[in-house]
Amino acid sequence: MTRRAAILVSGTGRHLEHLGTLATRGELDLEVGLCLSNKAGVLALERAEALAIPQLVLDPERQLNAAGFSHAAFTAIEDAGCDLVILAGFLRMLVVPPRWTGRVLNIHPSLLPAFGGKGYWGHHVHEAVLERGCQVTGCTVHVVDNEYDHGPILLQRTCPVEPNDTADTLAARVFDVERDAYPDAIRAYLQAEGA
Ligand code: GRF
């Protein structure tokens, strides 16, 4: 049975667009039932619109605390009939309610547990990798628990760090790896779940 997923975003929505496109083409056995953003006016929402994915902007003024935001988010996700959550460039702390344990996935642009946790997002991750002199980096798809970048690892892919890399060139190389890693990990997850 096709699972219905909510994709949570905060920014550009490259993963949202790619996963949504694969789902539309039948190359990923998912229906995207909701794009939930904690920011208004972001490119991810335009990309969701273009794919006819229903959108919701939740608490853009940050008036809710993490628990309040999460409660509202999971209520909206359940109201949209979704039973899987995919974080894709989502930058707010989410408190996963017990009934959702094991059903929230994330992709992080490093080889966790290295360069993960609070403060490690976007270019900060790649700058830290360069500063440390790593020769290899990559991405990690994991199940989300209630600690940043911490839950069980589903899949990792690597790529080299080149001598003249900047945070931008490295981010682009890692994202190239992420593009296939996320759908591959989701397919394996769905298969393991017997979905
Ligand atoms: C990726 O680097 C991913 O690892 C991180 O957010 C970035 C993607 O954001 N979680 P987006 O899909 O372009 O919004």
Which ordering of Asp29, Asp180 is given by a fewest-first count of other beta-carbon atoms within 10 Å?
Asp180, Asp29
What residues qualify as long-range amide H neighbours of Val57, i.e. H under 5 Å apart, gap of 5 or more or another chain, H built at 1.01 Å from N?
Ser37
Given an 8 Å cut-off on Cα distances and at least 6 residues of separation, report the relative contact order of region 121-195 as a percent.
32 percent
Antiparallel DSSP bridges in the chain: what percent, to the nearest 5?
40 percent
Region 3-90: relative contact order from alpha carbon pairs under 8 Å, six or more residues apart, as a whole percent, is 44 percent
Please state the equivalent ellipsoid semi-axes for region 30-96: what are the square roots of 5 times the Cα gyration tensor eigenvalues, largest first, in whole Å?
18, 15, 10
Stokes-Einstein D (µm²/s) once Rh is taken as the Kirkwood radius of the chain over alpha-carbon pairs, at 4 °C in 1.567 mPa s
77 µm²/s
Count charges around Leu170 for me, please; just the other residues with Cβ under 15 Å from its Cβ, Lys/Arg as +1, Asp/Glu as -1.
-4
Using 0.36 nm times the number of residues separating Glu78 and Glu193, minus their current alpha carbon distance, what extension gain do you get?
39.5 nm
Length-normalised contact order for the chain - Cα pairs under 8 Å, 6+ apart - percent
19 percent
I need the semi-axes of the equivalent ellipsoid of region 87-176: take the C-alpha gyration tensor, multiply each eigenvalue by 5, square-root it, list largest first in whole angstrom.
25, 12, 10
At what distance in angstrom do the alpha carbon centres of region 148-195 and region 16-57 lie from each other?
19 Å
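Quick note: the coordinates plus some simple rules give every number you see, no bench work behind them. Just so you know, these numbers come straight off a predicted model, no measurement behind them. Glycine gets a Cβ as well: all are built from the backbone with ideal geometry, and neighbour counts include every protein chain shown.
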